[in-house]
1. Which value, in Å², gives the accessible area per residue of the chain when a 1.4 Å probe is used on the protein heavy atoms?
2. Using the beta-carbon distance between I67 and F42 and R0 = 41 Å, what value does 1/(1 + (r/R0)^6) give for FRET efficiency, to the nearest 0.05?
3. On the protein heavy atoms, probe 1.4 angstrom, tell me the percent of accessible surface of the stretch 220-323 carried by carbon and sulfur.
4. Helix 35-55 sits at what angle to the longest principal axis of the chain, using alpha carbons and giving 0 to 90 degrees rounded to 10?
5. Pop a pseudo-label 7 angstrom from the Cα along the beta-carbon direction at both D195 and S59 and give the gap in nm to one decimal.
6. Compute the semi-axes of the equivalent ellipsoid of the chain, taking the square root of 5 times each eigenvalue of the Cα gyration tensor, and list them largest first in whole Å.
7. If one puts a single equal scatterer on every Cα of the stretch 193-333 and applies the Debye formula without solvent, what log₁₀ I(q)/I(0) results at q = 0.10, 0.14 Å⁻¹?
8. Placing +1 on the Cβ of each Lys and Arg and -1 on the Cβ of each Asp and Glu in the chain, which of A84, A182, H347 has its Cα farthest towards the positive end of the resulting dipole?
Amino acid sequence: MGSLPPPSLDFSPIDHNPLKNGGSNHHDHRQEISRDNLLNLFKSQQDLLNHFFKHLDLSQTLDFSRILLSTSGTVFFTGVGKSAFVANKVSQTLVSLSFRSSFLSPLDALHGDIGALSPRDVLVFFSKSGATEELLRLVPCARAKGAFLVSLTSVSGNPLAAVCDMNVHLPLQRELCPFNLAPVTSTAIQMVFGDTIAVALMAARNLSKEEYASNHPAGRIGKSLIFKVKDVMKKQDELPVCKEGDLIMDQLVELTSKGCGCLLVVDEHHRLIGTFTDGDLRRTLKASGEAIFKLSVGEMCNRKPRTIGPETMAVEAMKKMESPPSPVQFLPVINEDNTLIGIVTLHGLVSAGL
């Protein structure tokens with residue numbers, strides 16, 4: 001594949017002289033990006049990334065992956081400038097996948113942080129040129145600690161690759177930048193390479209969805225795979241309970257004060273008999289009129305409500321609420337012998353981040 005010409009961008013200067021246009025500070029000249037220009041840039045970046053995929057040495061990549069997988073210590077990543085951001089991000093990806101990993105600042109390493117390195121560790125250098133002075137100064141210090149050193153570079157025959165234990169060449173045809181200077185394609189390549197290796201390690205370790213979720217407890221993914229009904233349900237004094245012989249009108253406070261939109265009807269052993277909702281109240285009042293004052297909850301309750309167990313995943317409770325024939329706003333939580341132990345509400349699930 002031959003070199004791509006620089007993208008066609010118009011870098012002609014724009015006159016911002018405030019004395020023009022009657023001395024106004026308002027600039028009438030506007031910078032524009034054409035649709036075709038933008039499309040060409042994306043196509044050019046795609047071609048540059050395809051060059052990387054086509055020329056990446058799979059043997060080097062496999063050896064590198066196996067080194068990371070087999071290390072008994074920590075995988076440290078380092079870099080300078082934009083490569084440092086990539087190194088930090090790839091390290092965080094590995095941490096989220098349950099691997100011991102950390103970012104090591106080359107400057108801080110030379111002022112004490114090098115003490116974190118041990119002979120069991122791997123130190124990975126991200127560097128496009130492989131000639132960054134800060135990284136070259138770090139090499140002998142890291143080698144003295146006994147760590148295994150790997151360079152990920154894009155320039156052939158660079159000095160960093162020559163002094164590390166292993167080098168992986170990240171093929172770079174050119175930067176998308178029209179001057180071939182701004183690190184926009186090289187950093188994209190570094191990120192793609194690092195994160196793809198992370199997923200390969202994840203697969204090799206057979207990381208389960210539950211293990212992944214346990215590392216993300218605050219995120220929706222984690223909550224959906226970690227939270228059970230018992231973790232989000234209301235219980236004990238929060239439950240709007242009544243007996244089937246109680247008069248409906250005597251239970252209005254209980255119906256409205258607990259924020260569940262229902263009454264949970266139980267027997268003397270606290271086993272669930274049925275539910276009576278605020279919707280049931282409106283329908284009963286419309287159908288019965290003044291007779292509602294003499295009706296008991298048990299006469300008008302739903303004796304076949306949807307229920308759920310405490311060990312069920314909370315996300316399954318939400319699915320059950322939304323299932324046909326019609327959605328509901330709550331599910332009584334019962335144990336094996338039908339004893340009422342809680343209630344899970346749609347509002348509660350949403351508030352929990354599900």
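The values are calculated or read from the model by the stated rules, or taken from the named source; none is laboratory data. Nothing here was measured: the structure is a model prediction, and the numbers come from that model. Neighbour counts run over all protein chains shown; Cβ positions are idealised from the backbone, glycine included. Accessible surface areas use protein heavy atoms only, side chains included; no ligands, DNA or RNA. Shrake-Rupley method; radii C 1.70, N 1.55, O 1.52, S 1.80 Å.
1. On a per-residue basis, 55 Å².
2. The calculated FRET efficiency here is 0.75.
3. 51
4. With rounding to tens, the tilt is 80 degrees.
5. With each label point 7 Å from Cα toward Cβ, the separation is 3.0 nm.
6. Its equivalent ellipsoid spans semi-axes of 62, 31, 18 Å.
7. The Debye formula, applied to the Cα set alone, gives -0.48, -0.74.
8. The residue sitting most towards the positive pole is A182.
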